[in-house]
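Have a look at the structure below before the remarks.
Taken together, the values in this text are just the output of simple stated rules run on the coordinates, not laboratory data. All figures in this text were calculated on a predicted structure; none of them were measured in a lab. Cβ: placed from backbone, ideal geometry, glycine included. Neighbour counts: every protein chain shown.
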Amino acid sequence: MQLHVCGEQIMIQKKLGDIATYINGYAFKPEDRGSKGLPIIRIQDLTGNAYDLGFYDGEYPERIEINNGDILISWSASLGVYVWNRGKALLNQHIFKVVFDKSEVNRKYFVFAVQYKLKEMELKTHGATMKHIIKKDFDNTLIPFPSYAEQERISNILLCASNMVTMRYQELQKLDNLIKARFVEMFGDMYLNTLSWSEVQLETVADIVSGITKGRKVKEQELIEVPYMAVSNVKDGYIDWTTIKTIEATEQEIEQYRLLPDDVLMTEGGDPDKVGRGAIIRNPLENCIHQNHIFRVRLNEKMILPTFFAEYLQHQRSKRYFLGCAKQTTGIASINMKQLRALPVLLPPLELQQQFSDFVIGVDKSKLLYPDRCAIYQPNTS
């Protein structure tokens, strides 16, 4: 436990490792997964990104069993905190089950506090395309630790705020679904190409480049500090502006990697269902560039419009293409430049694409009435 002076108040802080024990799941093998027994819970099962659910019908250590109310923390690839509510199951590797055996703590407060701290922990993650928290760093992470009564008061306030945010997200989701419905209405079933649109490879209608490599060796040249887009900034359908990092680059590198309005950014790796995820960067920061694990796609707008292409990336036609050709290791999938260039793209008439873009612009104006989807609510301990 530590004391932290905040203004004229003294804030008690405690290490996560002094609050609870964190039990890692079991490294189930592919051949362990069957159709009977208890479900095996992986990170993608927590995030809602799994296509299938495996079961295990053998003996297992009691410590990896999870039940309703257990708090789970994913510490690799996708970082998050979850309250389990889907019955008895078994925990796969890369997920902690929290056992509160060291300190009395309000569980709702704990969840909010860890959710906030995970953003800070991301700065300590190891791996370029696969985030990975070191257990020692996790245990040593401090969170504000007021009295139990104060924890309960804070968690109730945050729960109320969280419910309000959830309601706003649901409204945003309705607007997103409206866009998807309009896309199908205008362009038909893209997977079956029911309207017989012409098909081309992406490289014929776009300029595609990778980005700048961190830690590269630079000859003696003047370096300029500029903002750059990292993998964490590129979500499935939108840009996350929560944290913008900077990098030192030469004038030549800035010119080579500079992002322009309406460029589409795509990631090379991630969860299998999100490999090749992309988003339009509408208004990049001045001299903003991108890292090497992101592809910059600059479209020929005489043939294909960014708004149409960004929605096309959300469609099963492109998602299944990426999933089919991606290289997969330990639950992480990745694509290379050659595969991206060969992405089959359907090309409806430009006039129709423009009508769709105008519709999306109208819907996006409605979204401005709601909070940013990346907003983070944090405990007020002052």
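For the chain, the Cβ-based charge dipole about the Cα centre amounts to some 580 debye (Lys, Arg positive; Asp, Glu negative; other atoms uncharged).
Proximity of backbone amide H atoms, modeled 1.01 Å from N, is registered between M11 and H4, V5, C6 at under 5 Å, excluding neighbours fewer than 5 places apart on the same chain.
Under the convention that each Lys and Arg Cβ holds +1 and each Asp and Glu Cβ holds -1, the size of the dipole of segment 198-347 around its Cα centre is about 580 debye. By the gyration tensor of its Cα atoms, with a ≥ b ≥ c the square roots of the eigenvalues, what is the shape of segment 78-211: rounded for a/c under 1.5, prolate for a/b over b/c, or oblate? Since a/c reaches 1.5 and a/b is larger than b/c, the shape of segment 78-211 is classed as prolate.
Rounded if a/c is under 1.5, else prolate if a/b is larger than b/c, else oblate: which is the chain, with a ≥ b ≥ c the root eigenvalues of its Cα gyration tensor?
On the way: a/c = 1.71, a/b = 1.43, b/c = 1.19.
It comes out prolate by the Cα gyration axes.
Report, in deg cm²/dmol and to the nearest 500, the calculated mean residue ellipticity at 222 nm for the chain, where each DSSP H run with n ≥ 4 adds -39500 (n - 2.57) and the sum is divided by the residue count. Intermediate values should be presented prior to the final figure.
Numbers: 9 runs with 114 residues, N = 382.
After summing the helix terms and dividing by residue count, I get -9500 deg cm²/dmol.
Using a Gaussian network model of the chain in which every pair of alpha carbons under 10 angstrom is joined by a spring, one finds that among L195, L260, L299 the greatest mean-square fluctuation is at L195.
Let me know the shape class of segment 12-144, please: from the alpha-carbon gyration tensor, a ≥ b ≥ c as square roots of the eigenvalues, rounded when a/c is under 1.5, otherwise prolate if a/b is greater than b/c, or oblate. Can you show the working numbers first?
Values: a/c = 2.08, a/b = 1.51, b/c = 1.38.
Taking the square roots of the gyration eigenvalues as a ≥ b ≥ c, segment 12-144 is prolate.
With both residues required to sit in segment 12-144, DSSP beta bridges show an antiparallel share near 90%. Taking the Cβ of M186 as the center, what net charge do the other residues with Cβ under 13 Å away carry, scoring Lys and Arg +1 and Asp and Glu -1? Here the count lands on -3. Mean-square fluctuations from a GNM of the chain, with a 10 angstrom spring cutoff on Cα atoms, peak among Y26, Y191, Y228 at Y191. 3J(HN,Hα) along segment 162-177: 5, 5, 5, 5, 4, 4, 5, 4, 5, 5, 5, 5, 4, 5, 4, 5 Hz, from the Karplus curve 6.51 cos²θ - 1.76 cosθ + 1.60 with θ = phi - 60°, whole Hz, x for Gly and Pro.
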